[in-house]
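K.L.:
Right, I'll just put the structure down here and ask away after.
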Amino acid sequence: MTDMTDRDAALDRFADAFIETTDGYCITPGEDVTSAPMPDAELVARATELLVTTLFDVLRDTRLEAMADRIAWGIVHSFHKVAGQIEGEADKAAMAVRRLIEQNNGSEIGNVELEEAQMLCQSLDETQDALACMRDYAAATYHAETGRPWSAPRATLVSSKRTASVLAATDFLAARRRRQIDAHAPKGPVVIFSGGQLWEDHRLLFATLDGIRARVPTMVLATTGQDKGCDAIAAAWAARSGCHLIPFSLDRKLGNRAGFARNEQLLRLRPVEAVVCQGSGVQSHLAREVRRLGVPAHFFALGDQQQNRAPR
């Protein structure tokens, strides 16, 4: 079970996500509009936690105990997958709203179509926020039960914050665009993070990142965006901690230079601190550049995860 501090923080996020942003609700074009309320945030939080913890409780000390970990991982992943699908539908709905604004001639039919498209987009955004919140809480519960962070196979764990309710379609789209910018642009002191994929000890990295955040509470974490190993652990830490995460993916068009170009992007963020774990030549290059620029840094070799030594 999560401790009370984690639970209180999670419940605060649930209160932000489980709000109603429009009088009507519809997430499928042509479907009947409903005025049904959002479910109670605290009840959903408890139910989400019980989905994971009950499984471990029932299978503990049985022949299937070893399966609890795998099944619980799948439960979290189901939330993650559905949240991603809804986010994609919300993006398409936003494009439809933009197109209707451009085509609007002031007719009653045009205005009705625009209102319906805006409601669809808001409903999808509202739904994605709620599902992402449930996903993050299920992941935190998985971590509490197993001692290992849950990480997505291809994506990072980042749930969005609910923006203020918007009335006009043009204002709604502007707010949505600002929200997307906020989700990808650094707004605080940047800590850069990079490491190889052959890494299992999340405790060392969690402790290091916790220490940095204690000194830099408004930090933004920028990683090299790999889907396993060090970057996956960093993404899970960011989700658990509510820290803003910016994963930098490779520009495959650059070929063998892609990793080094990504390092240059990270360094252009003017980081206040860095964490670099042993990996490939890309991490070695980043470590050299971090030292050259005098950025305060923590360097870890593969052997450090077994010895669990303090950062050098």
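We did not get these values from a lab; they are worked out from the coordinates using the rules stated. Here the structure is a predicted model, which means the values were calculated and not measured. With ideal geometry, Cβ positions are generated from the backbone for all residues, glycine too; neighbour counts draw on all protein chains shown.
K.L.:
Listing GLU115, GLU89 from the residue with the fewest other Cβ atoms within 10 Å to the one with the most, what is the order?
P.N.:
Working: GLU115 15, GLU89 19.
Placing the least packed residue first, the sequence is GLU115, GLU89.
K.L.:
Follow-up question, since we're still on this one. So what is the relative contact order for the stretch 190-307, in percent, with contacts set as C-alpha pairs under 8 Å and at least six apart? Mind showing how you got there, number by number?
P.N.:
On the way: 177 pairs, mean separation 37.4, N = 118.
Reported relative contact order: 32 percent.
K.L.:
Which order do TYR142, TYR137 fall in if you start with the one that has the fewest other Cβ atoms within 10 Å? Write out the running numbers ahead of the final one.
P.N.:
Numbers: TYR142 23, TYR137 29.
Placing the least packed residue first, the sequence is TYR142, TYR137.
K.L.:
Oh, and also: Between THR224 and residues 5 or more places away or on another chain, which pairs have amide H atoms under 5 Å apart, with H built 1.01 Å from N, and which residues are they?
P.N.:
PHE193, GLY195, PHE248
K.L.:
What does the highest-first list of 251-260, 280-289 look like by mean Cβ count within 10 Å? Write out the running numbers ahead of the final one.
P.N.:
Details: 251-260: 11.5, 280-289: 16.2.
Taking the mean over residues of other Cβ atoms within 10 Å, the ranking is 280-289, 251-260.
K.L.:
What is the dipole size for the stretch 190-307, taken about its Cα centre, with +1 at each Lys and Arg Cβ and -1 at each Asp and Glu Cβ, in debye to the nearest 20?
P.N.:
On the way: 14 positive and 10 negative charges, 77 e Å.
My answer is approximately 360 debye.
K.L.:
OK, next. I'd like to know which of GLY242, ALA287, VAL275 lies farthest towards the positive end of the charge dipole of the stretch 219-309, counting +1 on Cβ of Lys and Arg and -1 on Cβ of Asp and Glu.
P.N.:
Of the listed residues, the answer is ALA287.
K.L.:
Oh, and also: Can you give me the long-range amide H partners of GLY229? Hydrogens built in the peptide plane at 1.01 Å from N, cutoff under 5 Å, separation of 5 or more residues or another chain.
P.N.:
TRP199
K.L.:
As a footprinting exposure proxy, order ILE71, ILE86, ILE109 by other Cβ within 10 Å, with the fewest listed first. Numbers along the way, then the final one.
P.N.:
On the way: ILE71 13, ILE86 21, ILE109 8.
Final ranking by Cβ density, sparse to dense: ILE109, ILE71, ILE86.
K.L.:
While we're here: Name the long-range amide H neighbours of VAL190: under 5 Å, sequence gap of 5 or more, or other chain; modelled H, no Pro or chain starts.
P.N.:
Answer set, sorted by chain and number: VAL220, VAL272.
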